[in-house]
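Asks: The structure's right below; bear with me while I get my questions together.
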Amino acid sequence: MCDIGGWTTEESVTPEVTNICLEVKSDIEEKAGDNFEVYIPLSFASHIVAGTNYVVKVYVGVNKCVHAMIFQALPCNGGELTVNGVQHPKTASEPLIPFDD
């Protein structure tokens, strides 16, 4: 599933990743410059560092998606979530690739 120090392969979202996406929805909307009536997390990949990096594909309506880079600090460091980048619009068929914003 993942290489040591590398990104996992893209997979369907888990309840935990869905909750993370819902928690940072307003941050993602702000960075995308849009408000999303439809907001359905679809897939993600992760990378464990001093916390966890996530790249997530979120469906926002009519074959449009947002790709978001989210960092979750370790629980011992507060577990804070930070949206580090957003790519929008993306199509539902575009591959989910980690990026720097």
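Asks: Considering only the range 4-73, give the strands (runs of 3 or more DSSP E) lying wholly within it that have at least 1 residues that are touching a residue at least 60 places away in the same chain (Cβ under 8 Å), within 16 Å of Asn84 (Cβ to Cβ) and over 10 Å from the mean Cα position of the chain (by Cα).
Replies: Because the criterion is at least 1 residues that are touching a residue at least 60 places away in the same chain (Cβ under 8 Å), within 16 Å of Asn84 (Cβ to Cβ) and over 10 Å from the mean Cα position of the chain (by Cα), no strands (runs of 3 or more DSSP E) in the range 4-73 meet it.
Residue-wise test of (1) out of contact with any helix residue (DSSP H, G or I) (no Cβ under 8 Å at 6 or more places or on another chain); (2) crowded, with 17+ Cβ neighbours inside 10 Å; (3) modelled with pLDDT of 95 or more; (4) among the acidic types (Asp, Glu).
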{"residue": "Gly6", "(1), (2), (3), (4)": "yes, no, no, no"}
{"residue": "Glu16", "(1), (2), (3), (4)": "yes, no, yes, yes"}
{"residue": "Ser26", "(1), (2), (3), (4)": "yes, no, yes, no"}
{"residue": "Ala32", "(1), (2), (3), (4)": "yes, yes, yes, no"}
{"residue": "Asn35", "(1), (2), (3), (4)": "no, no, yes, no"}
{"residue": "Pro41", "(1), (2), (3), (4)": "no, yes, yes, no"}
{"residue": "Phe44", "(1), (2), (3), (4)": "no, yes, yes, no"}
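Asks: Considering only residues that are among the small types (Gly, Ala, Ser) and surrounded by 13 or more Cβ atoms within 10 Å (Cβ to Cβ), which ones fall in the range 59-80?
Replies: Ala68, Ala73
Asks: Scanning for something in contact with a Leu (Cβ under 9 Å, 6 or more places away or on another chain) and more than 20 Å from Glu23 (Cβ to Cβ), does the range 53-62 turn up at least one residue?
Replies: Looking through the range 53-62, none of the residues is in contact with a Leu (Cβ under 9 Å, 6 or more places away or on another chain) and more than 20 Å from Glu23 (Cβ to Cβ).
The values are calculated or read from the model by the stated rules, or taken from the named source; none is laboratory data. The structure displayed is predicted, hence computed values, not measured ones. Glycine gets a Cβ as well: all are built from the backbone with ideal geometry, and neighbour counts include every protein chain shown.
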